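Down below is the structure, laid out as structure tokens.
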Number of protein chains: 2
Amino acid sequence: MRVEIWSDIACPWCYIGKARFEAGLAAFAHRDGVEVVHRSFELDPDAPAPTDIPVLDMLASKYRVSRDEAAAMEARVADAAAGEGLDYRSDRIHGNTFDLHRLLHAGKAHGVQDALLDALYRANFAEARPLGDPAVLQEIATGAGLPAEEAARVLADPAAYAQEVRADEREAAALGATGVPFFVIDRRYGISGGQPADVFRQALERAHADGAIQTLAAPDGEVCGDDGCAVPGV
Amino acid sequence: MRVEIWSDIACPWCYIGKARFEAGLAAFAHRDGVEVVHRSFELDPDAPAPTDIPVLDMLASKYRVSRDEAAAMEARVADAAAGEGLDYRSDRIHGNTFDLHRLLHAGKAHGVQDALLDALYRANFAEARPLGDPAVLQEIATGAGLPAEEAARVLADPAAYAQEVRADEREAAALGATGVPFFVIDRRYGISGGQPADVFRQALERAHADGAIQTLAAPDGEVCGDDGCAVPGV
């Protein structure tokens with residue numbers, strides 16, 4: 001089975017939802033057969049980068065509320081994060097995430113995508129680090145196992161993995177995703193939002209139970225098997 | 001869409017079926033959105049390696065026919081190959097393909113899997129090269145774009161990518177595949193055998209038309225979208 005997860009590093013429910021999904025996956029009996037792929041989704045593609053806008057200012061402006069009201073909203077999300085054992089700081093910075101997604105695709109090519117996403121979430125939500133600073137991203141990426149020269153190359157070249165980010169975003173749109181996190185199991189089942197762990201476990205179990213694939217062409221075609229290869233006219 | 005293709009380098013219908021699938025894919029309007037992944041399947045895991053057994057001897061022994069009768073069977077498969085513009089030699093050698101599958105997984109990690117598979121098929125069927133010779137494999141792998149040091153590392157270490165090969169084979173068994181080539185579209189539709197190109201095109205069109213995924217959890221959960229992030233109790 002393959003689970004694709006569209007998310008954005010700036011998305012609190014993606015951060016929390018990843019932990020909930022992983023708890024659901026850990027409770028799934030066939031977890032060893034599950035491959036997880038992270039896909040790119042920018043919540044705010046027009047966000048400036050680098051930026052020094054505090055998230056609380058962005059939220060107050062976006063929702064037309066006071067800074068105190070924005071802080072109260074953030075406190076509720078922080079409670080949800082704490083429920084998953086995750087640190088959550090509201091003094092983090094708002095910014096563009098395109099370069100982070102490009103890095104995550106480099107991480108995928110090098111087999112360290114999941115570790116890099118965890119590191120980026122932690123840097124953003126738990127440590128409020130300035131993710132618009134290439135030196136900070138370089139340190140995070142290498143710390144997660146991306147070779148230093150590859151991290152430097154990707155950060156220096158805005159075209160590196162840009163097509164892969166755009167392709168993920170087009171695919172999300174094609175699948176009807178309008179928000180994140182968005183989980184897709186074997187391109188059959190979609191789960192929107194940071195649902196409870198048990199919802200993920202149940203979805204995995206259902207997908208596993210329904211796992212039989214539909215055969216479109218007869219299996220007696222030109223095929224090789226234990227008994228050898230079919231030969232035309234024999 | 002994602003198409004997974006289980007195949008073996010020693011499998012004539014996999015060689016021919018790949019060309020037919022690619023012709024079907026080329027005729028599919030949404031081909032640019034199709035990702036192809038090659039997966040491992042050993043037709044004869046117990047085959048010795050390296051070996052100098054001619055395929056015709058192996059076939060004569062396996063089917064309990066004369067060498068001439070085996071050659072006649074091979075000639076029919078060669079006709080099918082020629083129909084796809086593929087060279088096909090019956091003086092090739094039978095041997096174990098586990099190391100070739102390990103190389104293909106290294107190719108996948110380096111983004112050259114498809115080119116490497118084409119090169120291995122060509123070396124086996126069109127050129128009858130001795131694929132049990134590590135120096136030959138090293139040359140083929142680097143020619144297909146695998147970094148030389150990675151090819152050498154994988155060929156020198158029998159454990160490199162061995163788990164990935166075994167995982168593919170377990171997955172094929174779980175999906176009910178008993179022979180190859182075996183094509184799976186988005187884990188929904190299976191196509192067994194080297195079917196005509198038009199069968200592949202039609203299957204791709206059907207999968208595309210049926211592409212909507214089923215939503216298991218309501219989309220009004222804890223999600224972030226264009227309008228911001230849902231906040232508990234707000």
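Annotations
- Residue list for the stretch B:168-177, filter: without any contact (Cβ under 8 Å) to a residue 24 or more places away in the chain and facing chain A (nearest Cβ under 8 Å): B:Arg170, B:Ala174, B:Leu175, B:Gly176
- Among the numbered conditions (1) within 9 Å of chain B (Cβ to nearest Cβ); (2) surrounded by fewer than 18 Cβ atoms within 10 Å (Cβ to Cβ), the only one that A:Cys11 does not meet is (2).
- Pairs meeting the criteria (first residue in the stretch A:178-190 and within 13 Å of A:Val36 (Cα to Cα) and touching a residue at least 12 places away in the same chain (Cβ under 8 Å), second residue hydroxyl-bearing (Ser, Thr, Tyr) and assigned to a strand (DSSP E or B), beta carbons under 8 Å, at least 6 apart or on different chains) are A:Phe182/A:Ser7; A:Phe182/A:Ser192; A:Phe183/A:Ser192.
- Residue match in the stretch A:7-18 (condition: more than 15 Å from the chain's Cα centre (by Cα) and either in a helix (DSSP H, G or I) or not polar (S, T, N, Q) (or both)): no
- Number of positions in the stretch B:73-112 that are away from every other protein chain (no Cβ under 14 Å) and surrounded by fewer than 21 Cβ atoms within 10 Å (Cβ to Cβ): 7
- The residues in the stretch A:14-39 that are within 11 Å of chain B (Cβ to nearest Cβ) and surrounded by 23 or more Cβ atoms within 10 Å (Cβ to Cβ) can be counted, and the count is 5.
- Cβ-Cβ under 8 Å pairs, at least 6 apart or on other chains, the stretch A:78-100 side free of Cβ contacts under 8 Å to residues at least 40 places away in the same chain and closer than 21 Å to A:Ile140 by Cα, far side aliphatic (A, V, I, L, M) and outside any helix (DSSP H, G or I): A:Arg89/A:Ala128; A:Asp91/A:Ala128; A:Arg92/A:Ala128
- Some residue of the stretch B:198-214 being farther than 30 Å from A:Glu222 by Cβ, without any contact (Cβ under 8 Å) to a residue 40 or more places away in the chain and at the interface with another protein chain (Cβ under 7 Å from one of its Cβ atoms): yes
- With respect to the conditions (1) within 14 Å of another protein chain (Cβ to nearest Cβ); (2) at pLDDT 95 or above, A:Ser61 falls short on a single one, namely (2).
- Looking at the stretch B:118-197, the helices (runs of 4 or more DSSP H) lying wholly inside it that each contain 1 or more residues that are over 18 Å from B:Lys108 (Cα atoms) and modelled with pLDDT under 90 sit at B:162-174.
- Within the span defined as the stretch B:87-95, one or more residues are under 19 Å from the mean Cα position of the chain (by Cα) and farther than 27 Å from B:Glu169 by Cα.
The values are calculated or read from the model by the stated rules, or taken from the named source; none is laboratory data. These numbers were taken from a predicted model, which means no experiment stands behind them. All Cβ positions, even for glycine, are placed from backbone atoms using ideal geometry, and neighbour counts span all protein chains on display.
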